[in-house]
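What follows draws every value from the coordinates through simple rules; no lab data is involved. This is a predicted model, so every value here is computed, not measured. Methodologically, a virtual Cβ is constructed for each residue, glycine included, from the backbone with ideal geometry; neighbour enumeration extends over all protein chains shown.
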Amino acid sequence: MRLIEVISPEYLRPRLLALARAHHAIDAWCGATNEDGRISVRMVVSAENTQRLMEALQGMMLKEPTARIVVLPVETTVPMPGQTGTAPRPDAPGGRDLTLEELYTRMAKEGSLDRNFVMLIFLSTIAATIGLAEDNTAVVIGSMVIAPLLGPVITFAFGVSMGARALAMRALFTAFVGLGLAILLSLIIGFLWPVSISNAEVLARTEVNVAHVVLALTAGAAGVLALTSGITTRLVGVMVAVALLPPAAVFGMLLGKGEFEPAMGAALLLGVNVICVTIAAQFVFLFQGVKPRRWVRVGQVERFTPKDWFIWLLIGTLLLVGLVVLILVRGGF
């Protein structure tokens, strides 16, 4: 359930209450008029009704510069809402529990390049390279979990699906910076640290086959489903299944040691994981009804269109096909 609070001019009170009734709000009420002529209308809405009500409210708010919509999660309410069985079930594709507005806020945070992101990249790369050099599986898995690289990749797919050019480009830049820092730092460590390429953990990231492609696609889809369902704890397993940091660290370390042939295998695995997660995420977002739309005062002028979505998907698919061909040429079936 969600508690939606709409702060708007007083004259919109009847229309807001009518919208609440039309979208089967569990309850709706409003307070007194403030000194600035605005009122606060609150609505308790079930999760499956929230998105359509938000769409209707935003359509009303587009021409109201003083209006604001606030969405809060509700754990429970007493008395519990009854099951009438008469209200039509709104369009909630794919069982998405979060509204697009909540997803946008979460994705914007995941795709941001800030001090915490850089520090986590730095710390997780050091942990990964030590775990790889010492052939310590537990340390490598720990580095996978704390590495924040999966967030920007999924955010990029979300931005393309939503038509949010600024969000997608910011996430893409964050992903490139994160991967670049991880590779550069591991390259320096590989140059200075005596790392044996015969370690099982290192060798595991230099061999790639078609099974890795299937795994990356399924894990990427599972990660988006976990994210949109609001249960982010499930993402831990996805981070381990389709980790981006270990192959990036192996690639950098092997480059630092001048081992270019096995480094190519690590680069292939990294490319497969990134591209497969992006493609899987775009398809899941499409299945869940995430599509280009207007936002109230987001301030974005240039936007992706469905044509842009198709072009990005085509580019990703062609890259993936090229990687699969390269894998087969290397004998990695």
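A few remarks follow.
- Other residues lying with their Cβ under 12 Å from the Cβ of LEU203 contribute a combined charge of -3, Lys and Arg counting +1, Asp and Glu -1.
- Pairwise FRET efficiency - SER196 versus LYS291, Cβ, R0 = 51 Å, nearest 0.05: 0.55
- Kirkwood analysis of segment 143-204, using all unique Cα-Cα pairs, places the hydrodynamic radius at 13.5 Å.
- Principal-axis tilt of helix 13-22 within the chain, Cα atoms, nearest 10 degrees: 60 degrees
- Counting only alpha carbon atoms, the long axis of helix 100-110 and the longest principal axis of the chain meet at about 30°.
- Angle in degrees between helix 260-287 and the longest Cα principal axis of the chain, rounded to the nearest 10: 20 degrees
- Over the chain, volume per residue of the alpha carbon convex hull, in Å³: 149 Å³
- When Rg and the Kirkwood radius Rh are both evaluated on Cα atoms of segment 174-221, their ratio Rg/Rh stands at 1.07.
- Net charge of Cβ neighbours under 15 Å - reference MET43; Lys, Arg +1; Asp, Glu -1: +2
- With helices as the sole contributors, the chain gives -20000 deg cm²/dmol at 222 nm; each DSSP H run of n ≥ 4 counts as -39500 (n - 2.57), and the sum is divided by every residue.
- Within straight-line reach of LYS109, meaning a Cα separation under 22 Å, sit the following lysines at least 8 residues removed in sequence or on another chain: LYS291.
- You can think of it this way: the chain between THR76 and TYR11 has 20.3 nm of extra reach, that is 0.36 nm per residue less the Cα-Cα gap.
- For segment 1-44, convex hull of alpha carbons as volume per residue, Å³: 53 Å³
- With coordinates expressed along the principal axes, the C-alpha atoms belonging to segment 92-216 extend over 51, 34, 21 Å, beginning with the largest.
- VAL177-ALA22 FRET efficiency (beta carbon distance; Förster radius 51 Å; 0.05 resolution): 0.65
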